[in-house]
Amino acid sequence: MPEQLRCIGRIDTRELWISRAMIFAIEEINNSRKLLPGIRLGYQIHDSCASVTIAVEVALQLSNRLDPVFYTGSNCSQSGMMIAVVGESGSTPSISMSRIIGSFNIPQVSHFATCACLSNKQQFPSFFRTIPSDKFQAYALAKLVKQFGWTWIGAVRSDSDYGNYGMAAFLNEAHKEGICVEYSESLYRTYPSSRIKKVADVIRRSTAMVVVAFAASGDLKILLQELSHEPSPPRQWIGSEAWLTDPDMIKFRFCAGAIGFGVPRSVILGFPDFLLDLSPSKVAASPMLTEFWQDAFNCTLEKSAAKNLCYGLEDKQKLQSLLTDTSQLRITNMVYKAVYAIAHAIHDVVCQEINSTTQCDKLTKIDTKQVLTQLKKVNFSQNGYHVSFDVNGDPVAMYELVNWQKSKSGSLEMVTVGYYDASLPEGQEFHIYQNLTWMEDRTEVPLSVCTDSCPPGTYKLLQKRKPVCCYDCAPCPEGEISNTTDSRNCFLCPKEFWPNAERDTCLPKPVEFLSYNEVLGIILATFSVGGACLAVITATVFFRHRTSPIVRANNSELSFLLLFSLTLCFLCSLAFIGAPSEWSCILRHTVFGITFVLCISCVLGKTLVVLMAFKATLPGSNVMKWFGPPQQRMTVVSFTSIQVLICTVWLILNPPFPIKNLSTYKDRIILECALGSAIGFWAVLGYIGLLAVFCFVLAVLARKLPDNFNEAKFITFSMLIFCAVWITFIPAYVSSPGKFTVAVEIFAILASSFGLILCIFAPKCFIILFKPEKNMKKILLNKTLTFNSRVHSS
């Protein structure tokens with residue numbers, strides 16, 4: 001036969017409180033006149049030693065009624081029959097017990113089994129508990145970790161139903177909150193020391209500053225002892241209620257600043273005095289009290305011992321700190337409520353209200369199924385605490401947020417700094433109302449992230465084969481911004497906006513056009529006005545010397561018309577400067593096209609006059625009568641009318657209009673004039689070019705005529721410059737970006753205009769103003785006669 005199972009090691013003070021609280025509650029009920037009057041409850045207390053094997057053995061004994069009968073008197077109607085079970089303290093033993101006694105519909109009310117799996121009524125139909133399910137604690141712990149900005153944590157759990165189910169629920173909630181886990185290790189009190197040391201080494205080597213421990217105090221105690229052997233980097237411990245509120249754990253001072261949840265502290269009137277009411281006879285009658293007494297005073301009650309006998313006169317004040325620290329009576333209150341819940345269920349079975357008087361039949365045979373049914377319905381308040389169960393046998397989840405803080409004396413103490421109430425609306429369940437102390441007595445929240453936060457202007461770029469919390473901070477692509485910390489993506493700015501240098505804000509794009517306020521605009525405007533003034537001055541000189549031979553010999557009427565058209569050519573370039581508008585876009589292209597055609601028509605007319613005059617000097621020629629002043633005017637009007645017609649068709653069908661060019665530059669807006677119809681624009685330029693080439697050819701033919709007689713040579717040079725400018729204008733216009741497109745067009749207008757006025761009129765003005773002796777009729781006649789004689793001799 002195998003040896004009888006037995007417990008070894010020291011007694012757990014907290015479990016002693018629990019057993020004493022159960023006895024206290026039963027004695028209160030037995031002395032009550034309202035609850036079960038006239039009926040006394042009996043009890044048995046078994047020590048499972050946190051062992052599943054022992055718990056199962058006890059459950060089998062109780063369900064098979066193999067227990068010794070404590071009360072055999074006539075006042076005990078159902079001696080030896082088990083009605084309900086209070087316990088177990090651990091989840092795994094509770095699961096094992098519930099699978100056994102649940103088959104017999106025996107209600108089980110646990111005070112400390114928190115595994116969420118026990119809420120499954122299909123598997124555990126008779127299980128109830130007065131402590132909340134770990135489902136709520138896991139949710140609250142995940143919210144706690146998220147609130148303090150920790151995204152990189154380590155996880156340690158008991159390798160039991162409590163630890164495995166609890167940690168699984170926490171990790172599921174943590175994943176929803178974007179929290180990553182660097183490691184997840186399990187341990188158990190019976191593991192070999194090598195495995196415990198391995199878990200300790202993982203914690204030492206990790207980069208996560210926060211460790212979430214979902215473990216029983218007995219399991220975690222072994223790990224903390226191992227960590228205390230060698231100096232370990234500071235860690236911020238986050239704990240579940242199973243170990244964080246255990247007074248025996250406070251001795252690990254390197255865990256100062258630990259924070260987590262615990263069930264609310266209790267105030268049970270009369271319980272502290274009951275704990276100290278330990279007479280020698282009561283101590284001797286209870287094996288648990290005997291062991292506790294001997295351990296507390298380091299003596300023995302066995303008279304056969306040679307020394308250190310306990311005489312019953314030991315100073316009970318020494319027990320004050322062990323038994324009456326009511327600030328940490330948390331689980332004790334859960335036992336207290338569990339006993340009262342069972343008592344209320346039995347009361348509802350055997351008692352009735354008759355004429356406002358409670359009458360109970362103690363001889364009624366109670367069926368455990370009746371108690372189970374009534375236990376589901378209990379709803380009462382005891383000593384200020386509400387007790388009820390939902391459909392899963394769970395109470396309303398309420399936790400206190402507990403922080404390990406150093407007192408003025410330097411010792412660690414558990415301080416309540418907040419609470420979690422699942423009955424409150426979503427988002428309002430969690431509240432912190434007191435300052436917290438962190439690891440190493442820090443007052444600032446420690447940082448625990450895999451990667452530092454990405455500032456605005458960057459986005460998180462995940463690293464290969466790493467959790468989502470490990471990433472690189474990449475700058476936003478061109479044209480995109482991120483305005484939040486740890487942004488997962490960048491987003492495009494609106495069309496007319498562009499990021500600032502930091503790429504965290506979209507700013508309106510600067511608007512660009514050729515302005516009168518910039519250097520280039522001022523220079524071009526100056527040359528434009530200067531050219532117009534030059535044309536006016538030239539016209540003034542010609543007008544004042546209009547009777548002089550050189551003016552009269554060069555067709556003064558066409559010369560004045562040419563100077564007028566050149567003045568318009570210079571001034572039309574001003575329409576290209578400034579912000580484009582609907583009218584300026586129409587004017588700048590049409591006026592430019594018409595004035596230039598007028599100009600070229602005048603030059604063409606002057607060239608034709610020279611050629612016709614030359615033909616008229618030949619014997620028998622009568623050509624000049626077909627090209628007199630009326631015909632010259634008609635030539636100019638005809639050529640110009642064609643351009644006016646082209647421009648009119650262009651404006652009617654698809655005129656130029658102002659646009660915001662967003663494609664040339666990404667970071668700014670170009671205000672410019674769209675051509676409307678590109679065909680219309682190039683038709684205008686093509687017609688100007690056609691006339692210029694025609695004029696150039698005629699000028700070349702007349703270039704050898706006498707200088708004083710005609711200006712064909714100067715027209716040739718002017719047309720050569722004109723054609724060269726406009727030929728180079730085409731590729732420059734197409735390739736120039738933004739406002740420089742307009743500048744190129746203005747430059748072409750000014751260059752060709754200056755070429756005309758300087759080549760055609762500068763030599764004449766020079767003679768008029770500085771060489772008046774050459775401005776005489778006889779010199780012109782001598783030149784003409786000489787030329788005629790050469791022609792006749794040839």
remark   = Conditions (1) of a type in the set (Val, Ile, Thr); (2) crowded, with 17+ Cβ neighbours inside 10 Å; (3) touching a Leu at 6+ places or on another chain (Cβ under 7 Å) -> Thr300 fails only (2)
message = I'd like to check something: does the range 284-298 contain any residue that is at positive phi and not charged (D, E, K, R)?
response = yes
message = Condition first: free of Cβ contacts under 8 Å to residues at least 24 places away in the same chain and among the hydrophobic types (A, V, I, L, M, F, W, C). Now tell me which residues in the range 509-541 satisfy that.
response = Val519, Ile522, Ile523, Cys533, Ile537
query = Has the range 60-71 got any residue that is aromatic (Phe, Trp, Tyr) and either under 19 Å from Gly163 (Cα atoms) or modelled with pLDDT of 90 or more (or both)?
reply = no
ask   = Is there a residue in the range 335-348 that is under 20 Å from Gln108 (Cβ atoms), surrounded by fewer than 18 Cβ atoms within 10 Å (Cβ to Cβ) and assigned by TED's automatic domain parsing to the domain that holds Ile45?
value = yes
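So that you can scan it fast, the table gives a plain yes or no per residue for (1) within 23 Å of Lys460 (Cα to Cα); (2) of a type in the set (D, E, K, R); (3) within 30 Å of the chain's Cα centre (by Cα); (4) at pLDDT 95 or above:
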{"site": "Tyr162", "(1), (2), (3), (4)": "no, no, no, no"}
{"site": "His175", "(1), (2), (3), (4)": "yes, no, yes, no"}
{"site": "Ser193", "(1), (2), (3), (4)": "no, no, no, no"}
{"site": "Thr207", "(1), (2), (3), (4)": "yes, no, yes, no"}
{"site": "Asp219", "(1), (2), (3), (4)": "no, yes, no, no"}
Residue among Phe128, Phe112 that is out of contact with any His (no Cβ under 9 Å at 6 or more places or on another chain), in a loop (DSSP other than H, G, I, E, B) and of a type in the set (A, V, I, L, M, F, W, C) = Phe112
Within the range 77-97, considering residues that are of a type in the set (Ser, Thr, Tyr) and either part of a loop (DSSP other than H, G, I, E, B) or touching a Ser or Thr at 6+ places or on another chain (Cβ under 7 Å) (or both), the one farthest from Ala242 (Cα to Cα) = Ser77
key: Matching residues in the range 104-117 - criterion: being in contact (Cβ under 8 Å) with a residue 60 or more places away in the chain and over 15 Å from Lys369 (Cβ atoms)   = Val109, Ser110, His111, Phe112, Thr114
task = Scan Thr151, Thr114 and give me the residue that is among the β-branched types (Val, Ile, Thr), over 30 Å from Ile346 (Cα atoms) and at pLDDT below 95.
result = Thr151
ask   = Just checking, how many residues over the range 540-580 are outside any helix (DSSP H, G or I) and within 60 Å of the chain's Cα centre (by Cα)?
value = 4
ask   = Pick from the range 202-220 the residues that are β-branched (Val, Ile, Thr) and in a helix (DSSP H, G or I): which of them is farthest from Ile153 (Cα to Cα)?
value = Val202
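Filter the range 408-438 for residues that are among the β-branched types (Val, Ile, Thr) and not in a loop (DSSP other than H, G, I, E, B) and give the result.
Val415, Thr416, Val417, Ile432
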remark   = Residue pairs within 7 Å by beta carbon, gap of at least six or interchain, first lying in the range 30-53 and part of a loop (DSSP other than H, G, I, E, B), second modelled with pLDDT under 90 and aromatic (Phe, Trp, Tyr), listed first then second, are Gly42/Phe70; Gly42/Tyr71
remark   = When the range 631-654 is checked residue by residue, the ones that are in contact (Cβ under 8 Å) with a residue 60 or more places away in the chain and buried (at least 19 other Cβ atoms within 10 Å of the Cβ) are Gln632, Val636, Trp650
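Matching residues to (1) at pLDDT 90 or above; (2) touching a strand residue (DSSP E or B) at 6+ places or on another chain (Cβ under 8 Å):
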| position | (1), (2) |
| --- | --- |
| Leu462 | no, yes |
| Val468 | no, yes |
| Pro477 | yes, no |
| Phe491 | yes, yes |
task = Would you mention how many residues in the range 716-750 are polar (S, T, N, Q) and over 57 Å from the mean Cα position of the chain (by Cα)?
result = 2
ask   = Within the range 144-151, is there a residue that is outside any loop (DSSP other than H, G, I, E, B), farther than 27 Å from Cys49 by Cβ, touching a helix residue (DSSP H, G or I) at 6+ places or on another chain (Cβ under 9 Å) and outside the structural domain of Lys365 (by TED's automatic domain parsing)?
value = yes
task = Output the residue which, of all residues in the range 222-267 that are of a type in the set (Val, Ile, Thr) and either on the phi > 0 side of the Ramachandran plot or part of a loop (DSSP other than H, G, I, E, B) (or both), is farthest from the chain's Cα centre (by Cα).
result = Val267
message = Would you confirm whether or not the range 399-407 contains a residue that is part of a loop (DSSP other than H, G, I, E, B) and in contact (Cβ under 8 Å) with a residue 12 or more places away in the chain?
response = no
ask   = In the range 171-186, is there at least one residue being assigned to a helix (DSSP H, G or I) and hydrophobic (A, V, I, L, M, F, W, C)?
value = yes
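May I ask you to say which residue of Leu412, Leu372, Leu363 is touching a residue at least 40 places away in the same chain (Cβ under 8 Å) and either under 30 Å from Ala256 (Cα atoms) or not aliphatic (A, V, I, L, M) (or both)? Before you say what the answer is, go through the steps one by one.
Details: Leu372 fails: either under 30 Å from Ala256 (Cα atoms) or not aliphatic (A, V, I, L, M) (or both); Leu363 fails: either under 30 Å from Ala256 (Cα atoms) or not aliphatic (A, V, I, L, M) (or both).
One residue alone meets the criteria, Leu412.
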query = Just one of Arg189, Arg205, Arg157, Arg195 is of a type in the set (D, E, K, R) and crowded, with 24+ Cβ neighbours inside 10 Å; which is it?
reply = Arg157
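Inside the range 441-520, counting only strands (runs of 3 or more DSSP E) that do not spill past its ends, which hold 1 or more residues that are touching a Gly at 6+ places or on another chain (Cβ under 9 Å)?
471-475, 497-499
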query = Where residues in the range 208-259 are under 22 Å from Val445 (Cβ atoms) and among the basic types (Lys, Arg), which of them is surrounded by the fewest Cβ atoms within 10 Å (Cβ to Cβ)?
reply = Arg253
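The values are calculated or read from the model by the stated rules, or taken from the named source; none is laboratory data. In this text the structure is predicted, and so the values were computed from the model without any measurement. Note: ideal-geometry Cβ built from the backbone for every residue, glycine included; neighbour counts use all protein chains shown.
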